[in-house]
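Asker: Here's a structure for you.
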Amino acid sequence: MKIVLKAIILLSVILVLTTIPLASSSSVNGIVVTTLETTPQLVEPGNDVTVKIRISNEGVQTIDDFVVKLDANYPFYLKSESNNFNQKRTLSVGSSIDNTYYLIVDTDAKSGIYQLEFEIHVDDVILKPSDNNVYIKVVGKPDLTLKTNINSTLSPGETFPLQIEVQNVGTGIAKNIKIIPRSDDILMLGSNLKVIKNVEPNDNSSIECNFIVKDSLDPDSYKFPIDLEYLDEQGNYYSDSYYVGINVLNKADIGIQNIKIEPSQITPLDEIHIQGMVENTGKGDAKNVIVELISEDENHKSFIGQLKSDDDAPFYFDLSPESAGSKEFNINITYNDDFGPHRIDNTIEIEVNRPKTNIALILGFLALIAVSIVYYFGYMKKKEPENEQ
């Protein structure tokens, strides 16, 4: 009997402890915020959006003196509302009341999902029913700009890298961005199409392409177009054209056609004769062409002057090696064309041999000395008897 009594008392205590909080909690959690309508569902920056909500009392007792406040943070600005929920209201069990908020989205808002929060003030309690927040999707518009980094002075037939930076200064995501050159004179090497997957607002993406100037292009200033084609988040198509400026100039191309060195076998007793030919194989004129030979002991210069396209000119140098061994000579060419000054360095090596001993000459020389000695002594012997008489 005592055990049954204790069980009854324990159950009574548990019932009391659990019933009081539930009644209080129900009166608080009984307020439900329901989103009835969001128009439009996808809103663009700078446009209006309408949000209609319903406040319901699904609790077990009347709610007195409650206030509903909308926390309209960036990028939303509240313009007006149909019912002033900032005034205290009473809501009986099972009843509801509607309110419509008229908002505007900031013109610079980026694409994304933004949250509207509601605060419910009951007496001194502030509730934020997170499950009843309103989520609005803002869809911006992309706006792409194109920047390039290029050496603007080029010659016909020259290849060059082009750094292209695509920047999104709009409010929406740009997708499937196609970079398409539109020139018959300045051509992209390889595929005539480059693709960037997407660029977020306030972001950029860079690629490097290789181009070539058509060999038949005449010297002049040119602008060649590059098109950008892309989509926004809703699949809308956009296109823009940009122009890249270059100056095309003819370039000289100077080189040594051939070099001849005489004699073929060189000793320190010989004088070296170096002759060669410089040729301009470029399309531009070369001015103030100078060929300079630099050795260990002396420098020599040959002034060529001007070389037009496909012209050539000879140069000559005479020098003495002075000693045997391997000799290194630098032949430098300096000139100017429309691109400015240029210098080309060339190196030649010459082997200077020691003089070879001529045995026959030495033997002949010794024989001549021997004959002279014999003749001298013979002459002296013949002269001695004459002196004795």
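The values are calculated or read from the model by the stated rules, or taken from the named source; none is laboratory data. Bear in mind that the values here come from a model prediction, so they are computed numbers and not experimental data. Glycine gets a Cβ as well: all are built from the backbone with ideal geometry, and neighbour counts include every protein chain shown. Side chains included, ligands, DNA and RNA excluded: accessible areas come from the protein's heavy atoms. Shrake-Rupley method; radii C 1.70, N 1.55, O 1.52, S 1.80 Å.
Asker: Net charge near Glu233: determine it from the other residues with C-beta under 15 Å of the C-beta of Glu233, scoring Lys and Arg +1 and Asp and Glu -1. All intermediate terms of the calculation are to be shown ahead of the outcome.
Answerer: Working: positive: Lys110, Lys137, Lys141, Lys175, Lys197; negative: Glu44, Asp143, Glu200, Asp203, Asp232.
Here the charged neighbours net out to 0.
Asker: Working with all protein chains in place, sort Leu187, Leu319 by solvent-accessible area computed with a 1.4 Å probe, largest first. Walk me through the numbers on the way to the answer.
Answerer: On the way: Leu187 75, Leu319 5 Å².
My answer, sorted largest first, is Leu187, Leu319.
Asker: Picking from Thr62, Val352, Leu293, whose Cα lies most toward the positive end of the charge dipole for the chain (charges on Cβ: Lys, Arg +1; Asp, Glu -1)?
Answerer: Thr62
Asker: How far, in nm, would the chain grow between Ser82 and Val371 when pulled straight, counting 0.36 nm per residue and subtracting the alpha carbon separation?
Answerer: Numbers: separation 289, 0.36 × 289 = 104.04 nm, distance 14.40 nm.
That works out to 89.6 nm of additional length.
Asker: Let me ask something else about it. Lys52 label point, 7 Å along Cα→Cβ, cut-off 13 Å on backbone N: hits in segment 89-104?
Answerer: Hits in segment 89-104 for Lys52 at 13 Å: 98-102.
Asker: Could you check the simple spin-label distance between Asn176 and Glu117, using points 7 Å along Cα→Cβ, in nm with one decimal?
Answerer: Taking the two extended label points, one gets 3.9 nm.
Asker: With a ≥ b ≥ c the root eigenvalues of the C-alpha gyration tensor of segment 144-248, is it rounded (a/c under 1.5), prolate (a/b larger than b/c) or oblate? If you can, show how the numbers build up before the last one.
Answerer: Values: a/c = 2.52, a/b = 2.29, b/c = 1.10.
Because a/c hits 1.5 or more and a/b exceeds b/c, segment 144-248 counts as prolate.
Asker: Could you work out how far helix 359-388 tilts from the main Cα principal axis of the chain, as a 0 to 90 degree angle to the nearest 10?
Answerer: 30
Asker: Whole angstrom only: what separates the Cα centroid of segment 251-309 from the Cα centroid of segment 194-239?
Answerer: 47
Asker: Which part of segment 183-227 falls in the paramagnetic zone of Ser239, meaning amide N under 11 Å from the point 7 Å along Cα-to-beta-carbon?
Answerer: Residues 227 qualify, since their backbone N sits under 11 Å from the label point.
Asker: Out of residues 5 or more away from Asn47 or on other chains, whose amide H comes under 5 Å of its own, with H placed 1.01 Å from N in the peptide plane?
Answerer: Here Val105 satisfy the definition.
Asker: Quick one: putting +1 on the C-beta of Lys and Arg, -1 on the C-beta of Asp and Glu, what dipole do you get for the chain around its Cα centre, in Debye to the nearest 20?
Answerer: Details: 33 positive and 56 negative charges, 360 e Å.
It works out to roughly 1720 debye.
Asker: Percent antiparallel among DSSP beta bridges with both residues in segment 31-138, to the nearest 5?
Answerer: 95
Asker: Select from segment 116-185 those trypsin sites (Lys or Arg not before Pro) which occupy a DSSP coil region and have at most 12 other Cβ atoms within 10 Å, ordered by residue number.
Answerer: Working: sites: Lys137, Lys147, Lys175, Lys178, Arg182; in loops: Arg182.
Sites meeting the loop and neighbour criteria: Arg182.
Asker: Can you tell me the accessible area per residue over the chain, all protein chains present, probe 1.4 angstrom, in square angstrom?
Answerer: Values: 23480 Å² over 389 residues.
With the other protein chains kept in place, the chain gives 60 Å² per residue.
Asker: Now a separate question. In deg cm²/dmol and to the nearest 500, what is the mean residue ellipticity at 222 nm of the chain if only DSSP H runs of at least 4 residues count, each as -39500 (n - 2.57), divided by the residue total? List each step's numbers first, then the result.
Answerer: Numbers: 2 runs with 58 residues, N = 389.
It lands at -5500 deg cm²/dmol.
Asker: Of the accessible area of the chain, with the probe set at 1.4 angstrom, what percent is carbon plus sulfur?
Answerer: That fraction is 50 percent.
Asker: Also, quick follow-up: In segment 144-248, what percentage of the DSSP-assigned beta bridges are antiparallel, given to the nearest 5?
Answerer: 95
Asker: Please list the non-local residues whose amide H lies under 5 Å from the amide H of Lys141, H modeled 1.01 Å from N, same-chain partners needing a gap of 5 or more.
Answerer: Placed amide hydrogens put Thr171, Gly172 under 5 Å from Lys141.
Asker: Rule-of-thumb check for the chain: C-alpha Rg over 2.2 N^0.38 Å?
Answerer: Numbers: Rg = 49.7 Å, N = 389, 2.2 N^0.38 = 21.2 Å.
Working it through for the chain, the quotient is 2.34.
Asker: Got a number for the accessible area of Leu189? Probe 1.4 Å, square angstrom, nearest 10.
Answerer: Taking all protein chains as shown, Leu189 has close to 80 Å².
Asker: Still on this structure, I have one more. How far, in nm, would the chain grow between Asp270 and Thr35 when pulled straight, counting 0.36 nm per residue and subtracting the alpha carbon separation? Before the final figure, lay out each step's value.
Answerer: Values: separation 235, 0.36 × 235 = 84.60 nm, distance 10.67 nm.
Separation in residues times 0.36 nm, less the Cα-Cα distance, equals 73.9 nm.
Asker: Take every DSSP beta bridge with both residues inside the chain and express the antiparallel ones as a percent of the total, to the nearest 5.
Answerer: Numbers: 120 of 125 bridges.
In the chain, DSSP labels about 95 percent of beta bridges as antiparallel.
Asker: At R0 = 25 Å, how high is the FRET efficiency between Asn332 and Asp310 if r is their beta carbon distance? Nearest 0.05 is fine.
Answerer: Values: r = 23 Å, r/R0 = 0.91.
It comes out at approximately 0.65.
Asker: Here's a follow-up. Give, in nm to one decimal, the length gained when the segment between Ile97 and Lys287 is fully stretched (0.36 nm per residue of separation minus the Cα-Cα distance).
Answerer: 59.3 nm
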